[in-house]
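Beneath this line is the structure, given in structure tokens, with notes to follow.
Read-outs: derived from the displayed coordinates by stated rules, not from any lab. None of the values given here were measured: they were computed from a predicted structure. Heads up, the Cβs are rebuilt from the backbone with ideal geometry, glycines too, and the neighbour counts pull from every protein chain shown.
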Amino acid sequence: MKDKKESKKAFFILLAISIIVVVSILIFEKGSKVLNQSKYEDLDKIVIDSELSNIEVKFLDTDSVSILIYGKENDELSVKEEDKTLTIKKTSTKGVCILNCDDKIILYLPKEFERLDITTQMGNIDAKEVIINDVNIKSKIGNVNLGTIKSANIETEIGNVTIENFEGEFDSYIKTDTGNVTIRKTKNLDVEAKTNSGKVNVKETKDNDYVLTIETNVGNIKVK
């Protein structure tokens with residue numbers, strides 16, 4: 001009887017040690033690290049397809065483009081340059097990261113950039129420091145914060161969309177299922193806004209050349 005109790009005790013001790021080892025692996029081996037750091041010349045377009053990364057776009061006083069990608073060691077990452085287009089695809093490792101999980105993609109761009117296409121499952125997108133002529137974003141969960149843009153097609157399921165300055169040069173479209181849409185300043189745009197649950201606050205616009213359509217199911221719309 002005593003032997004059985006001791007065997008059971010040894011089993012639970014071994015189990016506890018195994019759990020500690022597994023947790024330690026998750027903490028120290030699954031944390032984020034630099035996966036790619038590169039510089040490119042003469043790019044017109046960047047395409048990003050990412051599962052679980054925040055995306056930051058920063059101003060760099062040069063004509064070149066630099067990227068810095070953080071992720072877990074076993075993440076799948078593909079970075080390709082072709083015909084003035086840089087394509088980044090990142091698939092995250094399955095499982096839970098407990099510590100040091102700051103997965104992100106940082107783009108360092110010149111003050112004005114031609115086109116940015118982003119598809120993400122989860123993560124915030126921040127591009128307040130640069131002017132982007134054409135923005136195309138599809139996001140399931142995450143906030144979108146942009147600086148000055150000239151054209152946009154943005155769709156997000158859950159998340160707020162904030163644009164500091166919209167210089168409309170083409171028809172554009174913004175939709176979020178659950179979230180607020182705020183545009184602080186507009187130029188050359190008629191605005192058509194609709195919300196099923198929320199408030200619409202749009203400044204009066206007349207005889208402008210292009211139309212910005214905004215839709216949200218649950219959320220407020222504000223265009224100043």
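Brief remarks follow.
- Couplings for the stretch 45-52, taken from phi via the Karplus curve 6.51 cos²θ - 1.76 cosθ + 1.60 with θ = phi - 60°, read 8, 10, 10, 10, 10, 9, 7, 9 Hz in order; Gly and Pro are left as x.
- Annotation: amide H of Val161 within the under-5 Å range of Val144, Asn180, Val181, Thr182, sequence separation 5 or more or interchain, hydrogens built in the peptide plane.
- The stretch 32-223: C-alpha gyration tensor shape, a/c 1.5 cut-off, then a/b vs b/c: oblate
- Under the simplified labelling scheme, the Lys140-Tyr173 pair shows an inter-label distance of 2.1 nm, with each label point 7 Å from Cα along Cα→Cβ.
- Neighbour-count order for Thr91, Thr186, Thr62, fewest beta carbons within 10 angstrom listed first: Thr62, Thr91, Thr186
- In this structure the amide hydrogen of Thr213, modeled in the peptide plane, comes within under 5 Å of the amide hydrogens of Ser172, Tyr173, Ile174, Glu192, none closer than 5 places in sequence on its chain.
- Inter-label distance, nm, simple model (7 Å from Cα along the C-beta direction), Lys111/Glu73: 4.4
- Positive minus negative residues near Ile174 (Lys, Arg vs Asp, Glu; Cβ under 10 Å): -1
- Close amide H pairs (under 5 Å, H built 1.01 Å from N) link Thr186 with Phe166, residues at least 5 positions away or on another chain.
- Estimated FRET transfer efficiency when R0 is 41 angstrom, pair Asn208-Lys39 (beta carbons, to 0.05): 0.55
- The Cβ shell under 9 Å around Lys150 holds other residues with a net charge of -3, Lys and Arg each +1, Asp and Glu each -1.
- Highest average packing first - 195-201, 179-185, Cβ atoms within 10 Å: 179-185, 195-201
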